[in-house]
Amino acid sequence: MKNKNPNQLFKLAYDLAFGEDSKTKKPGKKSYDSWAAASALGHVRSMFYLGTCFDHGYGVKKDLKQAFNWYLKAAKLGHRDSQYNVGFFYAEGGPVKRNYKTKVYWYKLAAEKGLIDAQRDLGFSYYYGEGIGKDDKMAVKWYRKAAARQDDKALYNLGLCYKEGDGVTRSKRWALYYFSKADKSGNKNAKKHIVEIQKKWL
């Protein structure tokens, strides 16, 4: 490519993929090529988007190993979403061997930078003791951070904690509060708990 400015290459690729003139609203071959060129010049966000291209087969043949490698490059350079994605690969396995301790390491980095998915899933890791000592209070702490930004799964998980008394004092009021907020945020599992609590406790 003639253009050697990584920021311009990134913007070109992004506009082609998601701009007003994009018909598909997803990356194609030209976006992939521009992100690849920018990544070769050390552009961190381009590394992340290059990873998504390999992850989903956008403009290039799907290759999870390559996706992981590009996410890892960006993650090591501090890119928050890439850090979460690396953690997710270690949680699920596939191109890398499943490793919950490593999953937690990357989730923590992304969660501390404010990524909602990472905050919720770090809470999940504490709740079930996956890769870290089980700690219901820490689970609640991280669920709260994601719930404060209306994440339906975190709201639902907080409802469960208050329903069962895990990490918090058992409370009908707060269980209903969080289940109701989860329901309004689109969680499909919250309604049954609302009905159950109302039948049992009201």
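The values are calculated or read from the model by the stated rules, or taken from the named source; none is laboratory data. Because the structure is a prediction, the values reported are computed rather than measured. Neighbour counts run over all protein chains shown; Cβ positions are idealised from the backbone, glycine included. All accessible areas refer to the heavy atoms of the entire protein, side chains included, with ligands and DNA or RNA removed. Shrake-Rupley method; radii C 1.70, N 1.55, O 1.52, S 1.80 Å.
Ordering Tyr71, Ala147, Gly19 by the projection of their Cα atoms onto the charge dipole of the chain, which places +1 on the Cβ of Lys and Arg and -1 on the Cβ of Asp and Glu, puts Ala147 at the extreme positive end. For volume of the Cα convex hull per residue in Å³, which listed value, [x] 129; [y] 176; [z] 110, comes from the coordinates shown? Here volume of the Cα convex hull per residue in Å³ agrees with entry [x]. Taken along the Cα-to-beta-carbon direction at a fixed 7 Å, the label points for Phe18 and Asn69 span 2.5 nm.
The modelled label-to-label distance between Lys4 and His56, using points 7 Å beyond Cα along the C-beta direction, is 3.3 nm. Computed over protein heavy atoms with a 1.4 Å probe, the carbon and sulfur contribution to the accessible area of the chain reaches 50%.
Model label sites at Glu130 and Glu92, defined 7 Å from Cα along the beta-carbon direction, differ in position by 1.2 nm. Each Lys and Arg Cβ is given +1 and each Asp and Glu Cβ -1; about its Cα centre, the chain then shows a dipole of about 200 debye. Placing a label point 7 Å from the Cα of Ala40 along the Cα-to-Cβ direction, the residues of the stretch 71-115 with a backbone N closer than 20 Å are 71-74.
Per-residue extension of 0.36 nm, minus the Cα-Cα distance of Arg170 and Lys11, leaves a gain of 52.2 nm for this segment.
Accessible area per residue for the stretch 133-202, computed on protein heavy atoms with a 1.4 Å probe, is 58 Å². Backbone N atoms of the stretch 135-172 closer than 18 Å to the 7 Å Cα→Cβ label point of Lys192 belong to residues 153-164. Quick one: compute the contact order of the chain, relative version, from alpha carbon pairs under 8 angstrom and 6+ residues apart, as a percent. So the answer I get is 9 percent.
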